[in-house]
Every structure is written in C-alpha cells, then in structure tokens.
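A short worksheet on the structure shown next.
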Amino acid sequence: MFRFFENLVDPYSAYVPSDAPPRQLWPFLKPYVRLFRKVFVATGITSMLNAFSEVFLIWYLGRMVDFLSQGTPQQVWAAHGTEILLVALGILVLRPIVGGLNVALLHNTILTNFAPAVRWRSHAHIMRQPVGWFESDFAGRIANRIMQAPAAAGDAVFQAFDAIAFASTTLVGAAIMLAGSDPRLLVPLVLWLMAYLALMRWTIRRAGPASQASSEARSAVTGRVVDSYTNIHSVKLFAHLDSELGYAHDAIENARRTFQKEMRIVTIMDTVLTVLNSMMILGVSGWAIWLWYAGTASVGIVAAAVALSLRLHSMTYWIMWASTNLVQHLGTLQEGMETISQPIGLVDRPGAPALALGQGRLVIENVSHHYGRGSGGLQGISLTLEPGEKIGIVGRSGAGKSTLVKLILRFYDAEKGRILIDGQDITQVTQESLRQKIGMVQQDSSLLHRSVRDNICYGRPDATEAMMIAAARQAEAHDFILTLKDPQGRTGYDAHVGERGVKLSGGQRQRVALARVILKDAPILILDEATSALDSEAEAAIQNALFGVMQGKSVIAIAHRLSTIAAMDRIIVLDDGHVAEQGSHAELLAKNGLYAQFWARQSGGFLGDDTEEAAE
C-alpha cells in the first residue's frame, strides 16, 4: 500500500531544463505543481472532506442534544435509531478511509517526492554552471541551499494542504452551520475572523523577511564552518584556531540575533491570538446562550456553538503556526532561489554537435581574456599545436598559463578570438564532447571522496578491472594501492581516499590522478605540473610512463621545472599574457632571452617559486 502512494509521482521524471530558471516564487514552483497536479487535486478534496466531517460531527452533536431531550429513550430510538446507526457507520468506515487517503497523499506522496524533485532539478542546474561560478561562492553555502530550499518547498506544500485548506473549509462549514441555526450567531464569528486575519497579515508580513534573514544567516554559518573544515590543514599549520573560532562566532551570533527577532514576532502573535480566541469563545457561546434565554435557540444549538468555538480555539493556534511556517518556508525557498535559480553563464549553443575529433590539431587565433577586468590573463595569443606535437609552456606567475588551459577546456569563453580543434570552434560544439577528448593532470589533483577504483575509473567508467590495474601500474600506483586500508576496513582498490583525497600523500594523489588520465586515453593531453608532488625517484619513473602515454597524442605541458619539458618539440614562453618566445630548448637557449634567464637561474631546472595564481 505504501509503495502505491510513494510511486504516484516520479521525482526524477524527464523534463526540459532551462538555462535561466524563473527568479520569482510562483513561476519557479509552477513546473513542480504541474508535475503533482493530480495528487494536489486529490489531496485538496480529501482535506475538504475531512474538514466538513469535523463540522458535521459538531452539528450532529447539537442535533442529538435536541432529539435526546424530546422523548423517552424508546421514542428517540424508534424515531432516530436508523439515522444514528448510519452516522455511526460513516464515522467508523467513511471517515477513516477519507482521513487515511489524505494522510497517505500528504506524507507518502507529497512529502517524500516534492522536495526530492526540486532538489534533483536544482542540483542538475547547478552542476551545469561553469567552473568560474563555483569559484565565487562557498561550496558549503551552495550545498546548504540545495538541502534547505527544496525541503522548505515540500514543507510549504504540506502546510498549504494540511492546515490552510483544512482550516478554510472548517471556517466555511462553521459559518454555514451557525447561519443555519441562527444567522445572528455569525456576528461574533465574523468579528473574530476579521481580527484574526488582521493578526495573520501582521504576522506574515514580518515573519517572511525575518525568516529569510534567518535562513541567510544560517547559510553564512554553514559556509564559514565548512570553509574551516575544508582547510583544516592550513588552520592547524598556521595555529589559527582562535581566529577561526572568532570567524565562526561572528556568523553564529548574527544567526542567533536574527532568530531572536523572528521569535519576538512569534511571541507577540501568540499572545494576541490568545486574547482574540478568548473573546471569540465568550462571544459565540455567550450569544448562543442569550438566544436560548430569549427562546430563539435550542439547547442543541447552544451545545454545537460552544463545541464549535472550542474547536476553533484549538485550531487557530495550529493554523497561525502553520501559516507562519508556510511563510517561513517560502522565505527559505526564496533565499535558496538566489543560488539555485541563477542563469547558466556558459551554455552550449542550441543544437550544438559533438566534437568530431580527427588528428587533434589545435589552433588558438588571436585570443584575449581578462576575466572582465580589462587586464591580466591573455592578450592576443595565437598558437598552433600540430597533431602529435608536444609543446611546453613556461612563464612567470600571472603570465597566463592557467588561463590558456581553462580556455582550451572551455571553462570560460574567450573574450576575443577563437580556439579551433580540427577546424571546429570549441564554442560551437558541446562542452561534454570537448572535455571527453582532453585528458588533464593538474598540479593539485583532488580526488573524489570515494574508492580508489571509483577515482581511477572516473576516467573511463566502462573499463575492465585489468585495464584499471594496467593504468595504475603505468602510473606507478599499483603497489601502494594494495597497502591501503580505510577506517571502515576496506582495502586496496576498495579503500576510500577521503575528501579531496586527503588520506593519501600528495605523491599518491598525483599517481592516482595520473592513472585516471592514462585510463581515459584522450587524444589531447594537458599536463599542469603533473609530477610536481613527486620525489625525484618517483618523478623519473612517472616521466618515463608519461613519455609512453604521450606517444601519438597532442600534448601541452605546463612546467616550472624546466628540465621536465626540455625534450618537448617546442617550448612557448609566456610573459604578461603574450607569447614572448617560442622554439626548441636549444633554440631558446641560443636566443639568450627570457627562457635562457629562467634556465640560468634554476637549480636542477626549477623556475624559482613561481606558481600560478588561482584567479589567473
């Protein structure tokens, strides 16, 4: 039975993604409402039937009081026995069925599927964002919003049906019942309702912004805490425990103060509501008793009016809390939408084909890119990488080396010029097909928090075990992998490496990353300080392996240790975003220019302490 309700809606059903999702609340929710529309209709109907059944029972209580006081038990049973049995049957059978359907739809269909649907599509949207988008925000804050906003959306829908629809129907039913007994009983109810709605409006107008502020403050706390955890090695290394605690304290204190403001609104609301409900109970009950005293209302009407006012009294706290929570959830959702509804900054053109790779000829035509700053990056670069050619790229920090690589991978679109692979402009083909044809080993190779096997096979998911082990052997990684064991007892290729590969040494991470790229076997290979984390002995072994991997591939190798690229077919020297020199190792030394200066300053062929800036 549960599985039937749980499978009424597929939260992962196919949909057409948008590069620019709506930034307003209702347009954002509309596709999800459309997905759940049949369930929402059924839930609304069962919620209304539930509410009407409660009002009916109160009305029938008054009716029973009247006919029970009008004769002997035998006479009452003879006149109303069948009616009593039918009502009892309805209470015993129909009410549980309707109530059970309503609860199952709310809990097993809506709550378990609505938030996952929003979270799945939001995550899919964020994963399509370019690399630069992630570089400008905390990963923890992004993840926090992905978790909070969809959950808030699901809770808001739940509250709308569980409380708002139920309460509206109950009030309508109560008004009909009182008007049917004596229209004058509507007067205190209407006056109370006007005051109640005014209080609700006051609360909602203040609770929404207060809730959004609290949500933003909580996201800030998450961002700062995750930032400290992610960089725990730096925190410990520089002995900044106290400053990190102070950094978190400021955010936690701000979150506490924003939550205090939110709770002040709740306290005022609750106090005023208690006064209003007390007046409503006295008004409805007192008026009913006055009408009975005047002889225009029966004892049953008085009993029903008193029971109804007490029911409304208990229900109004629930409704006010539900309404406030609804607004708070919507505030949290709106705050999350600031992240999950941002348009995709770098997209494939409509109908873009996959890259059709031939020999792997790479042409860079007059490319300039400054990250929108007007300076830094690259300026008018033109280069050609012939099929199978191997070039090295060197230069001081900030010369543009990493920028060039990011543009080739299309992590950014060049502000000027174009990049061609086998005559195809990389902005006119799909990003996925482009990156599938390029293998890259970075200076800081972070690994997924998964098993060694998962990390190596990330380069080629359909690889066999033998292919994976062969790649690990070629990367000089197989022997140390067999010695690994994680805290859960998993060993060898099944051992997990920790977040970003933190459980491995720098050299071990680099070798696993090399194995991943070797397994990928892409025709274009980019090496960004691929052996920088290795000791001399390991580096020599890996260099030999890399020379084997490079055979038949077009290779771009970035290096500060010039000895690692001296044997390249051609060396490109970048300086201040321009190509300053190019040629073979011997030719550049003969020119006695920048490259010769770099070589002369090195001890063992290492270019000082230059490292590429993250923003380059």
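The values are calculated or read from the model by the stated rules, or taken from the named source; none is laboratory data. Bear in mind that the values here come from a model prediction, so they are computed numbers and not experimental data. Cβ atoms come from the backbone with ideal geometry, glycine included; neighbour counts cover every protein chain shown. SASA here: full protein model, heavy atoms, side chains in, ligands and nucleic acids out. Shrake-Rupley method; radii C 1.70, N 1.55, O 1.52, S 1.80 Å.
Of note:
- Ile419 falls short on exactly one of the conditions (1) under 24 Å from Ala567 (Cβ atoms); (2) open to solvent by less than 30 Å² (accessible area, probe 1.4 Å); (3) outside any loop (DSSP other than H, G, I, E, B), and that condition is (1).
- Any hit, segment 71-81, residues being more than 28 Å from the chain's Cα centre (by Cα) and part of a loop (DSSP other than H, G, I, E, B): yes
- Residue list for segment 27-55, filter: open to solvent by 30 Å² or more (accessible area, probe 1.4 Å), farther than 24 Å from Gly99 by Cα and in contact with a helix residue (DSSP H, G or I) (Cβ under 9 Å, 6 or more places away or on another chain): Pro31
- Among residues of segment 354-385, those that are free of Cβ contacts under 8 Å to residues at least 40 places away in the same chain and under 20 Å from Val555 (Cα atoms), counted: 1
- Comparison of Gly351, Gly345 shows that the only residue that is within 33 Å of the chain's Cα centre (by Cα), without any contact (Cβ under 8 Å) to a residue 60 or more places away in the chain and surrounded by fewer than 17 Cβ atoms within 10 Å (Cβ to Cβ) is Gly351.
- Look at (1) open to solvent by less than 90 Å² (accessible area, probe 1.4 Å); (2) modelled with pLDDT of 85 or more; (3) outside any helix (DSSP H, G or I) and you find that Tyr12 fails only one, number (1).
- From the list Ala195, Ala213, Ala207, the one residue that fits, being small (Gly, Ala, Ser) and more than 32 Å from the chain's Cα centre (by Cα), is Ala195.
- Residues in segment 388-416 that are out of contact with any strand residue (DSSP E or B) (no Cβ under 6 Å at 6 or more places or on another chain), open to solvent by 40 Å² or more (accessible area, probe 1.4 Å) and either of a type in the set (D, E, K, R) or farther than 15 Å from Ala580 by Cα (or both): Arg396, Phe411, Tyr412, Asp413.
- In summary, Gly331 fulfils each of the numbered conditions (1) in contact with a His (Cβ under 9 Å, 6 or more places away or on another chain); (2) surrounded by 21 or more Cβ atoms within 10 Å (Cβ to Cβ) with the single exception of condition (1).
- In segment 168-181, the count of residues that are open to solvent by 50 Å² or more (accessible area, probe 1.4 Å) and touching a helix residue (DSSP H, G or I) at 6+ places or on another chain (Cβ under 7 Å) is zero.
- Qualifying residue in segment 425-432 (condition: open to solvent by less than 50 Å² (accessible area, probe 1.4 Å), out of contact with any Asp or Glu (no Cβ under 9 Å at 6 or more places or on another chain) and acidic (Asp, Glu)): yes
- Candidate set: segment 422-441, residues that are hydrophobic (A, V, I, L, M, F, W, C) and not in a strand (DSSP E or B); chosen: the one nearest to Val367 (Cα to Cα): Ile426
- Some residue of segment 355-367 being at pLDDT 85 or above, open to solvent by 60 Å² or more (accessible area, probe 1.4 Å) and among the hydrophobic types (A, V, I, L, M, F, W, C): yes
- Tabulated pairs, segment 322-337, first over 16 Å from Leu199 (Cβ atoms), second in a helix (DSSP H, G or I) and among the charged types (D, E, K, R), C-beta under 8 angstrom, 6+ apart or interchain: Gln328/Glu262; His329/Asp155; Glu335/Arg145; Glu335/Glu216; Gly336/Arg145
- Verdict on Leu193 being in a helix (DSSP H, G or I), without any contact (Cβ under 8 Å) to a residue 60 or more places away in the chain and out of contact with any strand residue (DSSP E or B) (no Cβ under 7 Å at 6 or more places or on another chain): yes
- Scoring Asn455 on the criteria (1) surrounded by fewer than 20 Cβ atoms within 10 Å (Cβ to Cβ); (2) of a type outside the set (A, V, I, L, M); (3) outside any loop (DSSP other than H, G, I, E, B) leaves a single failure, condition (1).
- Residue pairs meeting the criteria (Cβ under 6 Å; at least 6 apart or on separate chains; first in contact (Cβ under 8 Å) with a residue 24 or more places away in the chain and over 29 Å from Asn544 (Cβ atoms), in segment 474-500; second of a type in the set (D, E, K, R) and open to solvent by less than 70 Å² (accessible area, probe 1.4 Å)): His496/Asp486
- Taking (1) within 30 Å of Trp287 (Cβ to Cβ); (2) touching a residue at least 24 places away in the same chain (Cβ under 8 Å); (3) touching a Leu at 6+ places or on another chain (Cβ under 8 Å) in turn, Thr203 satisfies each apart from (3).
- Qualifying residues in segment 229-264 (those that are closer than 28 Å to Ile340 by Cα and surrounded by 18 or more Cβ atoms within 10 Å (Cβ to Cβ)) - the one modelled with the lowest pLDDT: Glu262
- Evaluation of Met269 against (1) in a helix (DSSP H, G or I); (2) surrounded by fewer than 18 Cβ atoms within 10 Å (Cβ to Cβ) (one fails), failing number: (2)
- Taking segment 116-148 as the range and being open to solvent by less than 40 Å² (accessible area, probe 1.4 Å), closer than 24 Å to Phe411 by Cβ and assigned to a helix (DSSP H, G or I) as the test, the residues that pass are Arg121, Ser122, Ala124, His125, Ile126, Gly132, Trp133, Gly140, Ile142, Arg145, Ile146.
- Considering segment 562-586, and only residues there that are open to solvent by 50 Å² or more (accessible area, probe 1.4 Å) and at pLDDT below 85, the residue that is farthest from Ala530 (Cα to Cα) turns out to be Ala567.
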